[in-house]
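Structure first, commentary second.
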Amino acid sequence: MSGLDPRDLALYLVTDAALAGPRGVAHVVAAAVDGGVRIVQLREKHAPDAAVAAQLVELSDVIGGRALLLVDDRIDAAVEARRRGARVDGVHLGQSDASVLRAREMLGPDAVIGLTANTRAHLDGVRALPEGTVDYLGVGVIRPTATKPDHPPALGVDGFAALAAESPVPCVAIGGITAEDVPALRAAGAAGVAVVSALCAAPDPREAARELRRRWRRPGPARVLSIAGSDPSGGAGIQADLKSIAAHGGYGMAAITALTAQNTRGVRGVHVPDPVFLRAQLDAIADDIEIDAVKIGMLATSEVIETVGDWLAQSRPPAVVVDPVMVATSGDRLLDARAERALTELLRRADLITPNLAELAVLTGEPTAPTWTEALAQAGRLSATLGVAVLVKGGHLPGADAPDALVRGSDVREFPGHRIETTATHGTGCSLSAGIATRRARGEDWAEAVRRTRQWLRDALRGGEALGVGAGHGPVDHFVGQHPAADASGAAPDAREIEAEWWAAIAPVRAAIDDLPFIRGLAEGTLSDADFRSYLAQDALYLRDYARVLAAASRSAPSSTEQAFWAEAARGAIEGELELHAQWLMPGADKGPGPEGGEGAGKRETVFSAAPGPITTAYLDHLRAVAFDAEHAVLIAALLPCFWLYTDLGVRLQSGELGAQAQDPGHPYASWLATYADPAFAEATRTAIDIVTGAAASAGARTRRRMRAAFVRSAELEHAFFAAPLAAGERERERVGA
Ligand SMILES: Nc1ncnc2c1ncn2[C@@H]1O[C@H](COP(=O)(O)OP(=O)(O)OP(=O)(O)O)[C@@H](O)[C@H]1O
Ligand SMILES: Cc1ncc(CO)c(N)n1
Ligand SMILES: [Mg+2]
């Protein structure tokens, strides 16, 4: 019995020269091993032994001990290659190939010997052998495949599971496996998956291997390792990473590269422990724990960078995000000059790097990009040079925008966003990269992981100042909205804190709204006209009574300014928005505002002709109940989501953050989207937030709790309202049998 570690079976590459094509088998093997393949089997059915031995020598070189090398069938070639100095770890044999006993005799007790099996009789054959003769079984084929023309009938996942359950040795699934099959095979008891085409025919075998490794992950929280420096003030470095990993549903681990003495005002000192001990930390983790993603932060010196680079090359975690930390928010340099150069080599081992503008400049050797357009161009050049994706961060741009962009060569995906007015920006870069790594390890694609982590970070930025940590650039609040009620401490929160806390409290609702097919369709312009009109018909009914509730808020307002504000909002709801609805809903109405603009006597009947749907009724009942029953403060809290969520969505739809740019003149819903992105509406929303959170700050704890509950309920009803049109459309299609 060899010392085969069953974890090495997880991802197994079987070579195929024809599929590898002109780039050659060695190239595919090198890339696949980089991507996380742990066993390589050279499968060469026709070449003479000498040629196979020569290929084994070459592959042994390419692999350099990072994976096990086996050969299909050709024991003599393996012996010959070993004689020529190659490291050949064993053979894989078919049922009709040379006997496994002979292989064990020729290659010795440490060799890895595998056998193909696809029937119960084959399992009996293994049991009949002396224990330790066979190390693993290759069981398949799972699906019909062209790479083994004479294969027996496909087993499928269930057939595999039945054999694996009875096998005396670990079973690797093989034959026609694609990335989609991997989780099911793991669940079926596979020790690993062996693939041919999925890697040999892949345009990028490294990325394909990484994808297979990610899919191999067992379900549950992602295990994410931060390799970074310590910030004792808790806002950046490993402390930020661990909080961010936890906030995104991961299990966090940390290997410390350096200790800093810093606070929110700056870095006072850096102490770098012996990199040998860093390596000991990394090995201790990897020897015991399956790592789903690694986030790398501050690396301090070139020795540390080399230590991490060597470890990465050996352990090849399936997702690697490197935040090339060189300059802290406070402006302090965190790397020495030699280290800045050594970093470039390490960056090639990443999937994604996340430089800010200053770091992008150092890495490209160019001056700091003066504009966002120039930053994107720099990121494109860097991405092409390094062969990795670059998330360029616009946090340090002057002006009102703080966009980021995911750049892969010439492919650019922008994430627009307004700058948040706050001093709490310490550790944003650390928190962002750790969150992205965690989300990627949980199965989101890179763009999705970036989008969602950014959305979270923006709430964390808004909540940062309320933490009251430090007098300089304070930390973001990684768990904004999840703290035990501020009231419990006795101290009443101020309006700013309430704003951050309430907005964070509805973060899950907001994320769910973003994910609705209705919103996606609206953003992309792919929503059907019928679905949009069915939404508008309900919205017209809603706005008519929403305006009445606004008027009730005006009546009970405590000051004339607020009385006027709610009255003006009521007028706006009736006039402005209903105008637009009339233009869309009137018979023969064209998309968007037309010259006739929906005047005329029949207008009201047509606009309000739909029967109110159950969600419309539920939402209005909620508003009317608070208007009828509750204190003024609770009423205005219930009214707030209709302002706040629409402004937020309007701005993000308009900017393209959620899909196609609404400014695109071809966008079918451009005129509708423009209403909600209107700066005047944003201003009204700002006033509404100030009035409501101000009222909450001066209210007693009980009223404040009722306000928050009414606010959250309205937000949930906003979500239900956006979900309703497509659900109704679905029911209608079922009814008519379409
Ligand atoms: N005031 C802000 N408003 C909105 N987003 C911001 C703001 N400041 C930073 N961000 C966002 O925070 C993330 C980090 O970006 P930034 O450019 O600040 O990186 P960094 O300089 O590496 O951060 P760090 O100081 O933690 O090292 C990005 O997603 C950026 O868009
Ligand atoms: C330890 C550490 N890592 C990263 C940063 C970047 O903000 C920092 N300030 N401190
Ligand atoms: Mg940074």
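The values are calculated or read from the model by the stated rules, or taken from the named source; none is laboratory data. Predicted model, so just to flag it, every value in this text is computed and none were measured. No Cβ is skipped: glycine too gets one built from the backbone with ideal geometry, and neighbour counts run over all protein chains shown. For accessibility, only protein heavy atoms count, side chains too; no ligands or nucleic acids. Shrake-Rupley method; radii C 1.70, N 1.55, O 1.52, S 1.80 Å.
Structural remarks
- From the list LEU432, LEU391, the one residue that fits, being within 15 Å of ligand 3 (Cβ to nearest atom) and in contact (Cβ under 8 Å) with a residue 60 or more places away in the chain, is LEU432.
A quick yes/no check of all residues on (1) out of contact with any strand residue (DSSP E or B) (no Cβ under 9 Å at 6 or more places or on another chain); (2) open to solvent by 20 Å² or more (accessible area, probe 1.4 Å); (3) under 19 Å from VAL651 (Cα atoms):
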residue	(1), (2), (3)
SER433	no, no, no
ARG452	yes, yes, yes
ALA466	yes, yes, no
ALA471	no, yes, no
GLY474	no, no, no
PHE518	yes, no, yes
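- Just so you know, in the range 248-263 the residues that are within 29 Å of the chain's Cα centre (by Cα) and within 16 Å of ligand 1 (Cβ to nearest atom) include one that is surrounded by the fewest Cβ atoms within 10 Å (Cβ to Cβ), and it is ALA258.
- Residues of the range 306-327 satisfying the condition of being within 16 Å of ligand 3 (Cβ to nearest atom) and open to solvent by 10 Å² or more (accessible area, probe 1.4 Å): VAL325, VAL327
- Residue within the range 364-386 that is within 20 Å of ALA434 (Cβ to Cβ) and either away from ligand 2 (no atom under 16 Å from the Cβ) or among the hydrophobic types (A, V, I, L, M, F, W, C) (or both) present: no
- Applying the set (1) touching a strand residue (DSSP E or B) at 6+ places or on another chain (Cβ under 6 Å); (2) free of Cβ contacts under 8 Å to residues at least 12 places away in the same chain to VAL37 leaves exactly one unmet item: (2).
- Only a single criterion out of (1) in contact with a Leu (Cβ under 9 Å, 6 or more places away or on another chain); (2) near ligand 2 (Cβ under 10 Å from one of its atoms); (3) open to solvent by less than 60 Å² (accessible area, probe 1.4 Å) is not satisfied by GLY266, namely (1).
- Helices (runs of 4 or more DSSP H) within the range 436-518 that include 2 or more residues within 15 Å of ligand 1 (Cβ to nearest atom) and in contact (Cβ under 8 Å) with a residue 40 or more places away in the chain: 446-464, 495-505
- Of all residues in the range 400-415 being under 25 Å from ARG496 (Cβ atoms) and surrounded by fewer than 18 Cβ atoms within 10 Å (Cβ to Cβ), the one that is farthest from ligand 2 (Cβ to nearest atom): ALA400
- Residue match in the range 437-454 (condition: at pLDDT 95 or above and farther than 23 Å from ARG215 by Cβ): yes
- Here is the figure for the range 76-97: residues that are touching a strand residue (DSSP E or B) at 6+ places or on another chain (Cβ under 7 Å), open to solvent by 80 Å² or more (accessible area, probe 1.4 Å) and either closer than 11 Å to LEU56 by Cα or at pLDDT 95 or above (or both) total 1.
- LEU299 vs. criteria within 16 Å of ligand 2 (Cβ to nearest atom) and touching a strand residue (DSSP E or B) at 6+ places or on another chain (Cβ under 9 Å): yes
- Taken over the range 32-48, the criterion of being assigned to a helix (DSSP H, G or I) and either open to solvent by less than 10 Å² (accessible area, probe 1.4 Å) or modelled with pLDDT of 95 or more (or both) is satisfied by ALA32, VAL33.
- Residue in the range 233-246 that is farthest from the chain's Cα centre (by Cα), counting only those that are within 20 Å of GLN455 (Cβ to Cβ) and open to solvent by 30 Å² or more (accessible area, probe 1.4 Å): LYS243
- Filter result for the condition that a residue is under 24 Å from ILE296 (Cβ atoms), at pLDDT 95 or above and out of contact with any His (no Cβ under 7 Å at 6 or more places or on another chain), over ALA434, ALA361, ALA377, ALA342: ALA434
- For the range 361-377, residues that are within 16 Å of ligand 3 (Cβ to nearest atom) and of a type in the set (S, T, N, Q) total 1.
- Residue ID - nearest to ligand 1 (Cβ to nearest atom), chosen from residues in the range 370-381 that are open to solvent by 10 Å² or more (accessible area, probe 1.4 Å) and touching a residue at least 12 places away in the same chain (Cβ under 8 Å): TRP372
- Qualifying residue in the range 628-645 (condition: of a type in the set (Val, Ile, Thr) and surrounded by 19 or more Cβ atoms within 10 Å (Cβ to Cβ)): yes
- Qualifying residues in the range 328-360 (those that are within 16 Å of ligand 3 (Cβ to nearest atom) and surrounded by fewer than 17 Cβ atoms within 10 Å (Cβ to Cβ)) - the one nearest to ALA441 (Cα to Cα): ALA358
- Here ALA389 clears all of (1) within 11 Å of ligand 1 (Cβ to nearest atom); (2) buried (at least 20 other Cβ atoms within 10 Å of the Cβ) except the condition numbered (1).
- Residues in the range 658-694 that are in contact with a Lys or Arg (Cβ under 9 Å, 6 or more places away or on another chain) and farther than 22 Å from TYR535 by Cα: THR693 alone.
- Filter result for the condition that a residue is open to solvent by less than 30 Å² (accessible area, probe 1.4 Å) and not small (Gly, Ala, Ser), over ASP274, ASP292: ASP292
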